[in-house]
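The values are calculated or read from the model by the stated rules, or taken from the named source; none is laboratory data. Predicted model only: the values in this text are computed from it and were never measured. A quick note on method: Cβ atoms are made from the backbone with ideal geometry, for glycine too, and the neighbour counts reach across all protein chains shown. The area values use the complete protein model at the heavy-atom level, side chains included, leaving out ligands, DNA and RNA. Shrake-Rupley method; radii C 1.70, N 1.55, O 1.52, S 1.80 Å.
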Amino acid sequence: MSIVETNILIVGGGPAGMAAALAASSKTDASVTLVDDNPRLGGQIWRAELGKTKSEDAANLIAAIDSKKIDLVTNAQVFAASTPNTLKAETSTGAVEFQYEKLILATGARERFLPFPGWTLPGVFGAGGLQALVKGGLKVENKRIVVAGTGPLLLVVAESLKSKGARVLAIAEQTPASKLNKFGLSLWRYPSKVKQGIALKARILDIPYLTDTWVTHCTSPRVSKGETRTLNDSPLLTRRLSHLGSVTLSQKGKLRSIDCDYLAIGFHLIPNTELASILGCQITNSFVSVDEFQQTTCENVFCAGEPTGIGGVEASLVEGKIAGFAATGQFEEARNLFRQREKTRRFGEALNKTFALRDELKTLADSETLVCRCEDVSFGPLKSFDSWRTAKLQTRCGMGPCQGRICGAATEFLFAWTVGAARPPIFPVKLENL
Amino acid sequence: MPAITINKTLISVEPGTTVAVAILNAGVDHFRTSVSGSERGPLCGMGICFECRVTINGITNLRSCTLLAENGMEVTTSEPPA
Ligand SMILES: Cc1cc2nc3c(=O)[nH]c(=O)nc-3n(C[C@H](O)[C@H](O)[C@H](O)COP(=O)(O)OP(=O)(O)OC[C@H]3O[C@@H](n4cnc5c(N)ncnc54)[C@H](O)[C@@H]3O)c2cc1C
Ligand code: FES
């Protein structure tokens with residue numbers, strides 16, 4: 001196992017982590033190490049676009065990271081905390097132990113998924129997930145795609161799919177129009193958001209934007225068991241037995257089915273707090289608690305970006321800067337950003353209120369609908385339990401490789417269960433790296 | 001351009017492509033078979049859901065959405081249920 005010693009360790013190479021690294025390294029005597037589990041930096045919003053990004057902010061940030069003395073460790077998944085001030089990561093070449101003085105967690109968020117009949121069919125992707133695959137080179141030309149769920153990410157995803165030649169048939173947003181209008185009106189405080197929003201909408205005016213609308217179920221074209229479908233002569237395609245064929249939407253009480261190749265679905269974001277949790281940081285209402293300098297309840301551990309609240313890229317950037325400054329004792333510089341942070345947080349709150357999930361979404365799963373995709377646990381048996389813990393012990397719900405990252409968030413919404421503290425390793429790792 | 005085999009068929013891919021993208025671009029959307037036999041493909045695209053697991057060079061259960069395709073890789077997706 002190799003050992004890396006550093007003054008400041010940052011986990012997460014998204015906007016928050018990169019901003020934190022730059023702020024920390026502006027005090028030249030601190031050594032700064034930035035770790036991320038993906039092959040490239042950029043986080044969810046800029047990943048894979050590095051070097052060819054259209055965003056000026058991203059380009060500047062990346063250039064600045066390159067020009068500073070920041071040690072980058074990519075493809076490294078942090079999975080455990082061992083002795084105090086030490087984290088362990090798994091890389092393709094073995095385990096690495098990071099020894100730090102100050103730690104900044106910038107682990108971002110993931111999408112929330114909710115179960116409905118057919119959601120496990122191949123061809124059903126997360127909205128951000130499909131976006132990530134497309135950024136990584138997935139060809140979607142002429143594919144018929146329905147984008148559904150909730151939140152502004154749906155618009156971003158629809159636009160990018162369209163720009164790659166996909167036929168986006170509809171955007172289904174569960175929020176009613178009245179709530180969206182109210183949100184739109186409240187945006188006058190954020191002129192840059194309004195500008196971005198208008199430019200984005202203008203590029204997708206031809207895509208029906210259906211409000212008060214959600215997916216009730218989706219189905220596969222009828223294929224009898226054992227039959228294989230050959231779509232052309234490629235031998236690869238004969239393995240395909242079941243896949244997405246159509247999506248049914250409930251639109252203001254009326255059902256309507258749309259034939260499509262892909263469904264991109266996402267119900268807003270939830271924070272990645274597992275690492276903070278195993279370090280013993282306090283977590284309140286699913287988010288990591290921080291003080292005004294982004295410090296958690298653990299000494300020497302800071303947290304920035306989406307684990308502290310879902311507020312979009314600006315919020316992540318400003319929190320990252322504050323954490324980077326504070327972790328290196330540059331308190332004045334940190335304090336100068338408090339007002340800016342306040343503004344981005346207010347935006348985040350408005351966002352979360354507007355796109356809050358409606359109760360009808362709790363009724364979509366039938367008793368056979370799988371909730372835990374790793375262990376194939378369906379909705380029926382889960383209904384009889386009164387807590388995540390007992391359900392887990394009796395059914396193995398949440399015990400598979402994803403360790404409840406998908407079904408935990410779903411059961412939080414469906415049954416109001418509280419998902420307990422994470423346990424190391426927070427990701428499955430090879431025995432020899434433990 | 002790197003070339004990889006997917007279910008024994010040789011495919012060339014753009015440099016920088018993840019294995020999951022290479023598999024999907026080849027027209028395969030069944031990556032693994034679940035414990036009770038249903039077909040699964042990628043969901044989250046970001047290493048969280050473990051639905052995109054495949055076998056690469058004999059190593060099973062690798063999340064294909066987090067790995068870049070490298071020349072000579074042999075990738076196998078799950079056999080369809082009998
Ligand atoms: C799938 C997805 C797609 C999105 N796409 C867009 C988009 O196109 N446009 C947009 O405006 N917003 C998008 N968002 C919203 C986006 O999350 C924020 O706008 C922004 O990226 C948040 O920045 P962050 O730095 O807080 O977190 P992130 O950008 O999420 O960065 C966190 C980083 O930490 C890494 N990480 C987490 N845990 C570990 C660990 N244990 N070990 C090592 N590394 C770890 C993650 O892989 C990630 O690279 C997307 C969100 C998701 C979930
Ligand atoms: S698609 Fe979710 S882990 Fe790869």
P(r) of the range A:60-137 over all Cα-Cα pairs, 5 Å bins starting at 0, rounded to whole percent, reads 3, 10, 13, 15, 17, 16, 12, 8, 5, 1, 0
Could you tell me which residue out of A:N75, A:A410, A:V247 lies farthest along the dipole of the protein assembly as shown toward its positive end? Charges go on the beta carbon: Lys and Arg +1, Asp and Glu -1, centred on the Cα centre.
A:V247
Using only the Cα atoms of the range A:76-206, each taken as one equal point scatterer with no solvent, compute I(q) by the Debye sum, divide by I(0), and report log10 of the ratio at q = 0.19 Å⁻¹.
-1.09
Return the aspartates and glutamates within reach of A:K139: Cα separation strictly under 17 angstrom, same-chain partners fewer than 8 residues apart disregarded; answer none if there are no such residues.
A:E49, A:E159, A:D261, B:E14, B:D29
Semi-axes (Å, rounded, descending) of the ellipsoid equivalent to the range A:78-119 per its C-alpha gyration tensor are 32, 15, 8
Taking only Cα atoms, what is the 0 to 90° angle, nearest 10, from helix A:177-186's long axis to the longest principal axis of chain A?
30 degrees
Here the tail fraction of P(r) beyond 17 Å, over all Cα-Cα pairs of the range A:19-105, rounds in percent to 53 percent
The answer for the net charge of residues other than A:G123 whose Cβ lies under 9 angstrom from its Cβ, with Lys and Arg +1 and Asp and Glu -1, is -2
Under 5 Å between amide H atoms, partner at least 5 residues away or on a different chain: which partners does A:V371 have, H built in plane at 1.01 Å?
A:V377, A:S378, A:F379
Would you grab the residues whose amide H sits under 5 Å from the one on A:R110? Only those 5+ places off in sequence or on another chain, please, with H modelled 1.01 Å from N.
A:I270, A:N272
extent check for chain A: Cα max minus min per principal axis, descending, whole Å, gives 65, 51, 48
Could you run the numbers on buried accessible area between B and A, total for both chains, 1.4 angstrom probe, in Å² to the nearest 100?
3500 Å²
For the range A:299-307, in order, what is each residue's ³J(HN,Hα) by Karplus, 6.51 cos²θ - 1.76 cosθ + 1.60 with θ = phi - 60°, in whole Hz (x at glycine and Pro)?
4, 6, 10, 10, 9, 9, x, 5, x
Per residue of the range A:258-270, in order, report the coupling 6.51 cos²θ - 1.76 cosθ + 1.60 (Karplus, θ = phi - 60°) as ³J(HN,Hα) in whole Hz, putting x for Gly and Pro.
10, 6, 7, 8, 10, 10, 10, 9, x, 10, 6, 10, 10
Among the listed pairs A:K321/A:K343; A:K135/A:K321; A:K362/A:K383; A:K162/A:K201, which have their C-alpha atoms separated by more than 19 angstrom in this model?
A:K135/A:K321
Length gain on complete extension for the stretch A:Q196 to A:N352, per 0.36 nm per residue less the alpha carbon to alpha carbon distance?
54.3 nm
The farthest towards the positive end of the charge dipole of the range A:176-215, of the residues A:L187, A:A199, A:L210, given +1 on Cβ of Lys and Arg and -1 on Cβ of Asp and Glu, is A:L187
Gaussian network model of chain A, springs between alpha carbon atoms under 10 Å - residue of A:N352, A:N85, A:N60 with greatest fluctuation:
A:N60
FRET efficiency for B:A3 and A:R167, using Cβ-Cβ distance with R0 set to 41 Å, rounded to 0.05
0.85
Amide proton proximity set for A:A170, modelled H, under 5 Å, gap of 5+
A:V147
Gap separating the Cα centres of the range B:1-33 and the range A:120-190, nearest whole Å
25 Å
Per q in 0.22 Å⁻¹, report the Debye log10 I(q)/I(0) for the range A:254-312, using one uniform scatterer on each alpha carbon and no solvent.
-0.83
Keeping all protein chains in place, calculate the accessible area per residue for the range A:371-414 (probe 1.4 angstrom), answer in Å².
39 Å²
Per the range B:1-81, sqrt(5λ) over the Cα gyration tensor eigenvalues, sorted largest first, in Å, gives 19, 13, 10
On full extension of the chain, what length is gained from A:N142 through A:D359, given 0.36 nm per residue of separation minus the C-alpha to C-alpha distance?
74.7 nm
Between the Cα axis of helix A:153-163 and the main Cα principal axis of chain A, the angle (0 to 90°, nearest 10) is 70 degrees
Given the convex hull over the Cα atoms of the range A:303-434, what projected area results after averaging over all orientations, in nm²?
10.9 nm²
Gaussian network model of chain A, springs between alpha carbon atoms under 10 Å - residue of A:L370, A:L61, A:L205 with greatest fluctuation:
A:L205
In order through the range A:103-117: 3J(HN,Hα) via Karplus (6.51 cos²θ - 1.76 cosθ + 1.60), integer Hz, x for Gly, Pro:
10, 10, 8, 9, 8, x, 9, 10, 7, 8, 10, 10, x, 8, x
Enumerate the aspartates and glutamates that A:K353 could reach by cross-link, defined here as Cα to Cα under 20 Å, with residues fewer than 8 away along the same chain left out.
A:E111, A:E173, A:D212, A:E306, A:E314, A:E342, A:E412
Could you work out which residue, out of A:V194, A:V73, A:V124, moves most in a Gaussian network model of chain A, that is, has the largest mean-square fluctuation with Cα springs under 10 Å?
A:V194
In terms of the charge dipole of chain A, which places +1 on Lys and Arg and -1 on Asp and Glu at the beta carbon, the residue among A:I65, A:T328, A:F125 farthest towards the positive end is A:F125
In whole angstrom, how far apart do the alpha carbon centroids of the range A:299-318 and the range A:337-415 sit?
22 Å
